[in-house]
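One structure is given here, and the rest of the page talks about it.
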Amino acid sequence: MDLITIFKKRKIRSEQVFMISGLLVNAGNYAYNLVLGRVLGPEQFADAAILITFLLVISFIAMSFQLVTTKFSASWDTDVYVSFVAKISNMSFIVGSVLGAGIVFFSEELQQLLNTRSSDMFILFGIGVPFYFLMSVNRGVLQGEKDFESLSVTYQTEMLSRLIGTFLLLSIFEINTSVLIAGGILVSFLFGLYPFKKMVWTTGANFKLSNSQQRKVLLFFCLTVLYEFTQILINNSDILLVKHYFDPYEAGLYASLALIGRIVYFIAWLYVMILLPTVVKLKKEGAATAPVLRKYIGYIVLTSTAVVLICFAFPQKIVVLLFGSQYIAIAALLWKYALATSLFAISNIFAYYFLSLDRYIPVIFLAVIGALQVYLIVLFHSSLEQVVHVQILAMFCLLLVQYLYYLMQTKTTK
């Protein structure tokens with residue numbers, strides 16, 4: 001009997017099922033990264049971290065299609081929505097194919113730029129990208145329908161297939177580890193398509209929208225792309241820049257630091273996934289949405305505060321427990337990185353909330369601060385500590401701006 005069935009019998013709401021399942025998925029992904037770090041050591045783990053970072057980058061880009069699909073599921077009649085999903089899925093597959101082909105074509109240049117030991121890992125990764133984009137539209141349909149049980153299954157199958165597939169390949173073959181890890185990621189893209197909604201793969205011949213509807217789709221999509229681009233800048237640029245500026249050993253240390261410190265963001269992501277359809281539904285019904293925002297911010301503040309305090313009190317024990325003594329050099333930076341991530345997670349909730357309400361200025365704030373963070377790291381990277389300090393400064397500025405905007409909007413609506 002699977003976990004979803006158990007939860008149903010105990011009459012747990014679908015949102016709660018998704019939260020519990022999401023925690024399990026994040027735990028599985030964490031286990032995947034932690035075991036890789038222990039098995040490979042800092043230098044080889046630096047290459048693995050690049051693939052994991054590429055996976056996160058792709059997920060943010062593909063999330064644009066998922067959010068658009070989710071957004072308009074609650075806005076239109078069924079016939080129009082089915083045709084819309086067909087079109088958006090075709091578009092996502094084309095975009096994914098172009099992006100994947102680009103990664104394959106520039107695989108050798110990526111190897112040189114990021115100081116990796118192989119270009120083949122980028123080729124395997126690029127082959128799987130179109131399927132990841134299609135998977136994201138499928139998840140958008142499930143999320144928009146608030147079918148959180150099926151949505152949970154897609155994340156479970158992706159995580160489990162990557163976890164099992166990667167370590168199975170590593171145990172069987174004795175070749176470049178980064179190539180095997182890329183193979184495991186490719187397998188997970190295919191398994192993540194289950195359960196697949198038939199409406200995602202149709203012709204979409206009856207697709208008709210009014211001019212105003214088309215403008216809404218285009219505007220929301222463009223702003224969502226900008227939003228997801230800011231996530232890439234803020235969430236992943238530091239790892240890529242550290243891989244470029246520092247030697248493999250220090251880059252591997254930083255990758256482990258980022259993995260531990262980002263636990264706050266991964267937990268916050270679960271709240272964000274539930275927030276969007278909830279806010280859209282409340283807005284459509286004419287109900288107040290601010291209480292939902294305050295509730296989820298409260299959850300994230302409590303969670304992030306606990307994580308930062310634990311990292312401050314027991315940094316060495318955490319690092320040794322999760323990665324081993326060979327990573328002990330980054331222990332002193334652990335709570336600082338967790339603080340930077342916490343500030344970003346709280347800021348992100350504000351942006352996501354306003355994006356759900358068709359207010360896009362907070363997305364501009366994210367883009368500006370994200371670009372600022374990249375610029376500051378390029379200027380100040382004499383040590384890993386300096387890189388972390390730069391991020392704390394940038395994320396504090398972001399949270400301050402987002403909160404001030406929220407206060408202004410609150411006063412305006414009163």
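Values quoted throughout were computed directly from the atomic coordinates according to the rules given, and no laboratory measurement underlies them. Here the structure is a predicted model, which is why all the values come from computation and not from measurement. So basically every Cβ, Gly included, is an ideal-geometry build from the backbone, and we count neighbours across all protein chains shown.
Taking other C-beta atoms within 10 Å as the exposure proxy, R215, R162 rank R215, R162 from fewest upward.
Relative to the present Cα-Cα distance, how much length would full extension add between A288 and I20 at 0.36 nm per residue of separation? Mind dumping the intermediate values first?
Details: separation 268, 0.36 × 268 = 96.48 nm, distance 2.67 nm.
Value of the extension gain: 93.8 nm.
Given axes a ≥ b ≥ c from the Cα gyration tensor, I'd like to know whether segment 262-406 is rounded (a/c under 1.5), prolate (a/b larger than b/c) or oblate. Cα axes put segment 262-406 in the oblate bin. Using the Cβ of F220 as centre and a radius below 9 Å, the other residues enclosed give a net charge of +1, where K and R count +1 and D and E count -1. P(r) for segment 135-190, from all Cα pairs and a bin width of 10 Å, is 25, 40, 22, 12, 1 %, short bins first.
Remark: for residue pairs K295/K411; K281/K336; K87/K281; K197/K281, the C-alpha separation exceeds 30 Å in K281/K336.
Membrane-span-like helices in the chain: DSSP H runs reaching 30 Å or more (Cα, own axis), mean Kyte hydropathy at least 0.5? Mind showing how you got there, number by number?
On the way: long enough: 14-73 (45 Å, 1.02); 78-105 (40 Å, 1.40); 120-144 (37 Å, 1.11); 148-172 (36 Å, 0.86); 211-245 (48 Å, 0.41); 263-285 (34 Å, 1.35); 290-313 (34 Å, 1.55); 334-356 (33 Å, 1.07); 384-413 (44 Å, 0.94).
The answer, listed by residue number, is 14-73, 78-105, 120-144, 148-172, 263-285, 290-313, 334-356, 384-413.
Using Cβ point charges alone (K and R +1, D and E -1), the dipole size of segment 262-406 about the Cα centre works out to roughly 320 debye.
The alpha carbon centroids of segment 382-400 and segment 244-312 are separated by 17 Å. Residues S107, S383 in ascending order of nearby Cβ atoms (within 10 Å, fewest first): S383, S107.
The protection proxy used here, the mean number of other Cβ atoms lying within 10 Å of each residue, ranks peptides 166-175, 300-309 as follows, highest first: 300-309, 166-175.
Computed log10 I(q)/I(0) for the chain at 0.09, 0.13 Å⁻¹: -0.54, -1.20, from the Debye equation with unit scatterers placed on every C-alpha and solvent omitted. Label-to-label distance for Y375 and L407 is 2.5 nm, based on points extended 7 Å past Cα in the beta-carbon direction.
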